[in-house]
Amino acid sequence: MSDSNVHQSVSNDRSTVDQTNPQPEIEHHRKRSLRVGRRSFLGHAGLFTTTSVVAGMVGSPFAAKQNPASAQSASAQTASAQTAELNSHEQFRLKARQVRVKVADENYQVAIPPHPTNGDEERYANKIGSDSRALPHNERGEVDLQAFQSAVKAYTTGDPNDFEQIILGGTRKQLNPIGSLAVSLTGCNATQLAIPPAPRLDSPERAAEAVELYWNALLRDVSFAEFQDNTSNPLVLAAIEEINQLVDFRGPKLNGRVTPQILFRGSVTYADLADPTGQSAIYVIPPGVLEGPYISQFLLRDIPVGPQVTSPLIQTALPGNDFQVEYEEWLTVQNGNESGKKIQFDSTGRYISTPRDLAEFVHNAGALFGGAAAILGTKPSPGNLVVGGIGAPFNPSNPYVNSKTQAGGASTFGLAYVQGLLPSTTSRAIRVAYWQKFYVHRTLRPEAYGGLVHHNAANRADYPIHSQVLNSQALARSFSKFGTYLLPQAYPEGAPIHPSYPGGAAIIAGAHATLLKALFDENFVIPDPVVPDPNDPTKVIPYTGAPLTVGGELNKLALNYAYGRNAAGIHWRSDAAASLALGEALAISILRDEKATYRENFGGFTFTKFDGTKVTI
């Protein structure tokens, strides 16, 4: 059956359900249920009669006093009640079907946008612009083309058997590529959500992102407290000076310049839907992300979990834990093997205070948006007898805000409701991101790009790397510190075994932040904000700057999660920026589906998107 026939079938079915009187269908199910009920009763009648005789009930005074007329009236009343009950039950069941068909049909009507790539896979016969980690490589780190084609064949056919034939180079496996072909029952399909193409391998934008990553590696152990406009840190100042000279740098700027205060802060990139080619992009700075401390308040507060508490103190890596700075180690990892190296951890828990801390926090994703939801939705503790939250109001659009008799709960609109949405949205988000990763873009990771830079700088190779990274102070200083032109990684294993663009963590961050902004009052000012003590990161001290709002700090939390992966060296700025917008779009489609299921009088979710526009879903 063709797509158009499938659509026609769904539409006709929907038309039948929506436009005809449901009573005949209900009556059919009612009669069937009554027949089943009578058969069930008659099937038990013999048992009833036998047991009645045994119990002496047939001759009992109660049986003797039965009036035939009153018994007939009672029987009629019972049948009427059964009919009403069955009508009510069938109406609810039919309503469930109607809503599901309606939502499926509306989602199907969302057009598939263009999905252009940067063309690198077709441009380079040796596939140096494409992700190939965990496949076998030669000594220069170039992929075995037969192995690469075995992977492309699997992505092309989607056949589980073809995935089992992918030629690997070591012990590490590709991470769940076929999982993104699962059909999600809520939200838009992955094909219906757009991102712009990733920067080309040879582009100045890609080189600018690489320069930023080399600086990020150099500054991993510098406190965020030194990322201030009055800083005297020479390394921070050198990074600012060079980044401001880069062509096509897409990060945040104030009055056209990067400042220490906004160094390494995040941005969001939308596909320009007005461009029918899909090539154009729109770059934005989400509200609140340049205000106050680099780290969101939701990562600096105790998280109430009923009678328990989750501390914001983390176990972090010691300074100097940098990996893949030796070529053989780098090649081992590219071939899909473990390097044998391990992170050395600090024995003392601390607040997130440096880029390395943030990179380690997002390495295995601690309490993020679930923690934020608990902080938002839990009331402050009187006298601080137990750990409480901030008791943020629900979004003014919540139908229970003005109800005189009811409160939202786990079914709809309460804290437990949004806490249930978050984990279910995670798998939906990963399906969308991984579909783009494996089936559209297949973009190389920063660590692989670092290998090309290394060969050009150390071995006079001629890979198409833009000169602004090869001539950068960041690369020269990195070689001086690490003795290599490879990009230092914060994790021994480097990146997960899937392509770079878009980011998986970032799409989760974008989706989850959107859900929380839809459920809570984003304009609520967070009370008693804090910042890690620059002299003792095991403590926090009061923050005394501009007010910090729920919406701004949720945006910041999303960017902390997304760009923390950049601090580790495993993602590009464009990976995080595009994925945040992608996650937002997915969450909006999920919220639209959720809205269709509600019985409450509800006008829609109203909140502010990452681009600063207010929408009602």
(request) Pairs only if they're at least six apart or on different chains, beta carbon under 6 angstrom, first in the stretch 232-250 and surrounded by 13 or more Cβ atoms within 10 Å (Cβ to Cβ), second among the small types (Gly, Ala, Ser); list them, first residue then second. (result) Leu246/Ala208; Asp248/Ala208; Phe249/Ala208
(message) Of all residues being in contact (Cβ under 8 Å) with a residue 40 or more places away in the chain and closer than 17 Å to Asn337 by Cα in the stretch 139-155, which is most open to solvent (accessible area, probe 1.4 Å)? Just the residue, please.
(response) Glu139
(message) Of the conditions (1) out of contact with any Asp or Glu (no Cβ under 6 Å at 6 or more places or on another chain); (2) touching a residue at least 24 places away in the same chain (Cβ under 8 Å); (3) open to solvent by 30 Å² or more (accessible area, probe 1.4 Å); (4) of a type outside the set (Phe, Trp, Tyr), Thr425 satisfies every one except a single condition; which number is it?
(response) (3)
(request) Kindly list the number of the only condition in (1) over 29 Å from Asp131 (Cα atoms); (2) at pLDDT 95 or above that fails for Asn337. (result) (1)
(message) Please count how many residues of the stretch 216-256 are among the polar types (S, T, N, Q), over 12 Å from Ala474 (Cα atoms) and part of a helix (DSSP H, G or I).
(response) 0
(message) Residues that are under 30 Å from Ile240 (Cα atoms), in contact with a helix residue (DSSP H, G or I) (Cβ under 9 Å, 6 or more places away or on another chain) and among the aliphatic types (A, V, I, L, M): does the stretch 433-450 have at least one?
(response) yes
(message) Tell me whether the stretch 86-106 contains one or more residues that are surrounded by 18 or more Cβ atoms within 10 Å (Cβ to Cβ) and without any contact (Cβ under 8 Å) to a residue 40 or more places away in the chain.
(response) no
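Among the β-branched types (Val, Ile, Thr) and farther than 14 Å from Val305 by Cα: does that describe Val387? It would help to see each step written out before you state the result.
Values: among the β-branched types (Val, Ile, Thr): yes; farther than 14 Å from Val305 by Cα: no.
Here the answer is no, as Val387 does not meet what is asked.
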(request) Out of Pro319, Pro276, report the one residue that is open to solvent by 70 Å² or more (accessible area, probe 1.4 Å), farther than 30 Å from Gly370 by Cα and not in a strand (DSSP E or B). (result) Pro276
(message) So in the stretch 369-380, with the set limited to residues that are out of contact with any strand residue (DSSP E or B) (no Cβ under 8 Å at 6 or more places or on another chain) and either among the polar types (S, T, N, Q) or open to solvent by 20 Å² or more (accessible area, probe 1.4 Å) (or both), which one is modelled with the highest pLDDT?
(response) Gly370
(message) Residue under question is Asp357, and the condition is that it be in contact with a Ser or Thr (Cβ under 6 Å, 6 or more places away or on another chain), under 28 Å from Leu580 (Cα atoms), buried (at least 24 other Cβ atoms within 10 Å of the Cβ) and not β-branched (Val, Ile, Thr); does it hold?
(response) yes
(message) Condition first: part of a helix (DSSP H, G or I) and surrounded by 14 or more Cβ atoms within 10 Å (Cβ to Cβ). Now tell me which residues in the stretch 384-415 satisfy that.
(response) Leu415
(message) List pairs: first residue in the stretch 348-368 and under 15 Å from Asp533 (Cα atoms) and among the basic types (Lys, Arg), second residue assigned to a loop (DSSP other than H, G, I, E, B) and open to solvent by 30 Å² or more (accessible area, probe 1.4 Å) anywhere in the structure, Cβ distance under 9 angstrom, at least six positions apart or on different chains.
(response) Arg350/Leu313; Arg350/Gln315
(message) Any residue in the stretch 156-171 that is farther than 13 Å from Ile497 by Cβ sitting within a Cβ distance under 7 Å of a residue that is surrounded by fewer than 13 Cβ atoms within 10 Å (Cβ to Cβ)? List the pairs, counting only those 6 or more apart or interchain.
(response) Ile167/Gln146
(message) Given the criterion surrounded by fewer than 21 Cβ atoms within 10 Å (Cβ to Cβ) and polar (S, T, N, Q), identify the matching residue among Asn255, Asn216.
(response) Asn255
(message) For the stretch 274-328, which positions are closer than 25 Å to Ala578 by Cβ and of a type in the set (Asp, Glu)?
(response) Asp275, Glu291
(message) Name the residue that is nearest to Ile590 (Cα to Cα), counting only residues in the stretch 169-188 that are outside any helix (DSSP H, G or I), open to solvent by 70 Å² or more (accessible area, probe 1.4 Å) and not charged (D, E, K, R).
(response) Leu185
(request) Residues that are open to solvent by 10 Å² or more (accessible area, probe 1.4 Å) and among the small types (Gly, Ala, Ser): find the helices (runs of 4 or more DSSP H) completely inside the stretch 438-543 holding 3 or more of those. (result) 446-459
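Tell me, yes or no, whether the stretch 394-413 has at least one residue that is among the charged types (D, E, K, R), at pLDDT 95 or above and closer than 30 Å to Pro199 by Cα. Full working, then the answer.
Just the residues of the stretch 394-413 that are among the charged types (D, E, K, R), to begin with: 404.
Checking which are at pLDDT 95 or above leaves us with 404.
Adding the requirement that they be closer than 30 Å to Pro199 by Cα leaves none.
No, the stretch 394-413 has no match at all.
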(request) Kindly establish whether Ala134 is at pLDDT 95 or above, of a type in the set (A, V, I, L, M, F, W, C) and open to solvent by less than 40 Å² (accessible area, probe 1.4 Å). (result) yes
(message) Only one of Gly288, Gly292 is among the small types (Gly, Ala, Ser), touching a residue at least 60 places away in the same chain (Cβ under 8 Å) and out of contact with any strand residue (DSSP E or B) (no Cβ under 7 Å at 6 or more places or on another chain). Can you tell me which?
(response) Gly292
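The values are calculated or read from the model by the stated rules, or taken from the named source; none is laboratory data. Just so you know, these numbers come straight off a predicted model, no measurement behind them. Here the Cβ is made from the backbone with ideal geometry for all residues, glycine too, and neighbour counts use every protein chain on show. Accessible surface is based on the protein model in full, side chains and every heavy atom, while ligands, DNA and RNA are left aside. Shrake-Rupley method; radii C 1.70, N 1.55, O 1.52, S 1.80 Å.
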